[in-house]
Amino acid sequence: MKALKLAIATVVLSVSTVYSQKINTTDVPSVILNKFQKEYPKAVDIDWEMDGANYNVDFEIGQKDLEVWYSPAG
């Protein structure tokens, strides 16, 4: 049963990785970028991805790894 759960998790993670793509900060719409910078001014190690029409940002604040999703409207 554990092997089946592991196999399913692997497939799900593989599929989600295929559809998301890393993007440069310059490719993030200004409405989203401004909102992110206002909400998380101390963010470092920032990585943006686009998944479908939504934007995902992974970043750190202090010792915490965080992730936030934004719709195209921000």
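Can you tell me which residues in the stretch 42-59 are aromatic (Phe, Trp, Tyr) and either touching a Cys at 6+ places or on another chain (Cβ under 6 Å) or more than 12 Å from Pro29 (Cα to Cα) (or both)?
Answer for the stretch 42-59, where residues must be aromatic (Phe, Trp, Tyr) and either touching a Cys at 6+ places or on another chain (Cβ under 6 Å) or more than 12 Å from Pro29 (Cα to Cα) (or both): just Phe59.
For the stretch 15-48, which residues satisfy the criterion of being modelled with pLDDT of 95 or more and of a type in the set (D, E, K, R)?
Lys35, Lys38, Glu39, Lys42, Asp45, Asp47
Look at the stretch 29-74 and say how many of its residues are in a helix (DSSP H, G or I), surrounded by 15 or more Cβ atoms within 10 Å (Cβ to Cβ) and touching a Pro at 6+ places or on another chain (Cβ under 9 Å).
1
The values are calculated or read from the model by the stated rules, or taken from the named source; none is laboratory data. Not measured: the values here are computed from a predicted model. When we count neighbours, we look across all protein chains shown, and the Cβ atoms used for this are built from the backbone with ideal geometry, even at glycine.
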